Amino acid sequence: MAGFARQLGRPSGLRGRAVGAMLNRANRNTVAQAVDALSLPSGSVTADVGFGGGVGLDLLLEAVGGTGTVHGVDVSQTMLTRAAHRYRHDIRSGRLQLHDASMSELPLPNDSLDGLLTVNTIYFVPDLAGPFAEFTRVVKDTGRVVVGMGDPDAMEKEPYTAYGFRIRPVAEVREALASAGLAVEQDVRVGRGAAAVHLLVAAPVAPA
Ligand SMILES: C[S@@+](CC[C@H](N)C(=O)[O-])C[C@H]1O[C@@H](n2cnc3c(N)ncnc32)[C@H](O)[C@@H]1O
């Protein structure tokens, strides 16, 4: 279980590749709804932070069309290498840029994105203030941020989350977004019942 939890936090090696494929299957619907929630016109500039197996890269590339740009950010060499091979044509054409970087230090200019999503990643960061400040910095005033997270009560019941996952109440995540200048407009639930995943859809607060 500890090994599986580590793989989810930073997939690595052959096992990491299998975990990436599993994540793509398990999370496709959630990530698709996160992409929808960004309401991206074609030609948009976007990012998937902690893209893992890369299903979000696929869906974002489709959403932004031939004139848009997608940034993929991850700390896992295995996921970066896998995506570099799989999306080599999109990288060559300039539609996709991959970054070996952490969400707490995004290698992206200020006000450069129309939309940013991050799904199933915040369990792996010790504090939310740094990453959320980065999201605010890189997203335009007109942009949107979607933070996807498992329902905390459901996550607590999963045996692997005992090994290093930071499970936070939804209210705490909303407060951290607000402190970073991101107002949650919607909590879209994906899945059935109380265990449904939360997609917190947030917009930059206009300066007073
Ligand atoms: C559980 S996977 C989720 C992947 C994908 N978003 C999904 O929902 O299927 C977590 C991903 O976040 C990445 N990750 C962990 N910490 C990160 C950080 N500080 N910055 C960027 N990515 C991170 C991991 O390497 C891994 O690929």
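Rule-based calculations on the coordinates, nothing more; no lab input. This structure is a prediction, so every number in the text was calculated from the model and none was measured. Using ideal geometry, Cβ is built from the backbone for each residue, glycine included, and neighbour counts are taken over all protein chains shown.
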Screening Ser42, Ser93, Ser76 for residues that are loosely packed, with under 14 Cβ neighbours inside 10 Å and either closer than 23 Å to Ala203 by Cα or within 13 Å of the ligand (Cβ to nearest atom) (or both) leaves only Ser42
Which residue, of Ala37, Ala26, is farther than 21 Å from Asp141 by Cα, out of contact with any Asp or Glu (no Cβ under 7 Å at 6 or more places or on another chain), hydrophobic (A, V, I, L, M, F, W, C) and outside any loop (DSSP other than H, G, I, E, B)? Ala26
Starting from segment 73-89, take each residue that is on the phi > 0 side of the Ramachandran plot and hydroxyl-bearing (Ser, Thr, Tyr) and list its partners that are surrounded by 20 or more Cβ atoms within 10 Å (Cβ to Cβ) and not in a helix (DSSP H, G or I), counting only C-beta distances under 8 angstrom and pairs at least six apart or across chains. none
